[in-house]
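Engineer: The structure follows.
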Amino acid sequence: MLDIRQISSFADYFVICTAESERQIHAICETIDGALSKEGIKLYHREGTEDSGWVLLDFGQVIVHVFSTPLREYYNIENLWSQASQVVRIQ
């Protein structure tokens with residue numbers, strides 16, 4: 001998770017994760033959306049599809065990126081947002 005508050009005006013945090021398959025991308029997205037929905041947090045926009053290898057979930061101040069392994073390596077978002085503070089990293 002990256003804290004982008006100091007360098008972005010459109011969100012506070014990026015959550016970035018990798019999935020091993022289209023089915024896993026779907027499961028991760030549905031689980032995150034379901035859990036946040038139960039807490040009253042609305043999904044404003046969803047971009048991408050499981051078969052594209054990248055799904056973005058926009059919850060307003062928190063944006064979740066779920067990548068396939070090849071696309072996460074290709075886009076290397078952590079490098080693009082290298083000025084952001086890393087809040088937590090789980091491997």
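Taken together, the values in this text are just the output of simple stated rules run on the coordinates, not laboratory data. The structure displayed is predicted, hence computed values, not measured ones. Ideal geometry is used to build each Cβ from the backbone, glycine not excepted, and the neighbour counts take in all protein chains shown.
Engineer: Mind checking the full-extension length gain between residue 8 and residue 61? Use 0.36 nm per residue of separation minus the Cα-Cα distance, one decimal, nm.
Structural biologist: Contour length minus Cα-Cα distance gives 18.0 nm.
Engineer: Here's something else I'd like to know. Taking the DSSP beta bridges in the chain as the whole, what percent of them are antiparallel, to the nearest 5?
Structural biologist: The answer is about 65 percent antiparallel.
Engineer: How far apart, in nm, are two points set 7 Å out from the Cα along the Cα-to-Cβ line at residue 36 and at residue 74?
Structural biologist: Between residue 36 and residue 74, the label points sit 2.4 nm apart.
Engineer: Here's a follow-up. Using DSSP loop states and a limit of at most 13 other Cβ atoms within 10 Å to flag chymotrypsin sites (Phe, Trp or Tyr not before Pro), what is the longest stretch of the chain containing no flagged site?
Structural biologist: Here the longest run is 45-91.
Engineer: Have a look at region 2-86 and give its Rg and Dmax from the Cα atoms, expressed in angstrom.
Structural biologist: Radius of gyration, then largest Cα-Cα span, for region 2-86: 12.7, 35 Å.
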